1. How big is the shadow of the Cα convex hull of segment 251-336, averaged over all directions, in nm²?
2. Debye sum, Cα scatterers, segment 134-197, no solvent: what log₁₀ I/I(0) at q = 0.14, 0.20 1/Å?
3. In what order do His256, His150, His317 fall by count of nearby beta-carbon atoms within 10 Å, going from fewest to most?
4. Treat the count of other C-beta atoms within 10 Å as a stand-in for reagent exposure and order Val315, Val30 from fewest to most.
5. Assuming R0 = 30 Å, what is the FRET efficiency of His247 and Tyr104, from their Cβ-Cβ distance, to the nearest 0.05?
6. Looking at the chain, what % of its DSSP beta bridges pair antiparallel, to the nearest 5?
7. Return the percentage of antiparallel bridges among DSSP beta bridges fully within segment 71-175, rounded to the nearest 5 %.
8. Starting from the Cα of Gln319, move 7 Å in the Cα-to-Cβ direction to define the label point; list residues of segment 248-276 whose amide nitrogen is under 17 Å from there.
Amino acid sequence: MIIDLRSDTVTKPTPKMLQAMIAAPVGDDVLGDDPTVQALEQKICDLTEMEAAVFVPSGTMGNQIGIAALTNPGDSILVEDEAHILHYEVGALAVLNGLTIRSYETERGTPTPDLVRRKYLAPSLHTPGTTLLCLENTHNRHGGSIVSPHEHSELRQIANELGIKIHLDGARLWNAAAALNEPISQFTIHVDSVSLCLSKALGTPVGSVLAGTAEHIERARIWRKRLGGGMRQSGLLAATGLFAIEHQFPKLIQDHARAKQFSEFINANTQWSSPAPETNIVMLDLDRPATEIAEQCESKNLRAYPFGPQRMRFVFHHQITDEMLEEAGRRLIEISRT
């Protein structure tokens, strides 16, 4: 039995999800004719309490066109050191958007208002003025840590004081909302734009949705087209998003429970240490190179990613059962004793 905990993006469409794809009415979305895409975009507007939304092929595109529509080349933006948009989007902030990055370091991925104030650059003849604060919720490289609605509110206040916008990489915002039992809107009312992934957390094969003001999304649609993200009968994909929001979103708390159980099991039965997970991501601190442990895991059909010299990441998703959870723990115990 292969147990794949590399990411929540490794899931495969369920039979019912495939049925939703087949049954979806479609049209040419670039021409504005796809009713299923429109239904998905409206659903995201309802969940986020934002004016408009646009369906895109990936979270990277959602982030980059969202940021492009809020900034101008030469601006500086505030980004956390471990953010997805710095680590996993291949320099797009600079290559595509011509932005100056002012990075900041945090313990959990979330800046304090005071840190934002200190990193902010006022525009002048000599300095690239700061126009945007970028946040990530939940935060991947900080082990699925949550930015609470209260923290979002405090950051909104300092952003307003400084006259800057906020973009939220909400790829796994679904997990934050599920963990805190809060509506998505309680997070998004405090930001100017948000990119929500449909593959991470929810388990669809493809896609993200960017939401914001009507003006912002109109600009973002131009950027989507510019980058080749306009898709034709994409209602086939949007249908999986609508299905997942209805059927997978309510079950995310089960992934969190399994992640917690896995972390506790490892702490109790190995010499390794796993910080208590806040959502569906388990980090494991090791006593030897992570690449070595990853290879041993692979040899036992247990898949996980090295996430540092002596750290590994395990991500739980809806296709990991209780049986697989227990078996993954047993295999790790065997590896820890070699």
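Values in this text are rule-based calculations from the coordinates and carry no lab data. Remember, predicted model here, so these are calculated numbers, not experimental data. FYI the Cβ positions are ideal-geometry reconstructions off the backbone, even for glycines, and counts take in every protein chain you see.
1. 4.8
2. -0.34, -0.69
3. Working: His256 19, His150 10, His317 23.
Ranked by crowding around the Cβ, least crowded first: His150, His256, His317.
4. Numbers: Val315 26, Val30 16.
Least crowded to most crowded, the residues run Val30, Val315.
5. Working: r = 38 Å, r/R0 = 1.27.
Using R0 = 30 Å, I get an efficiency of 0.20.
6. On the way: 19 of 37 bridges.
Percentage antiparallel, nearest 5: 50.
7. Details: 1 of 14 bridges.
So the antiparallel bridges in segment 71-175 amount to around 5 percent.
8. Answer for this model: 248-249, 252, 255.
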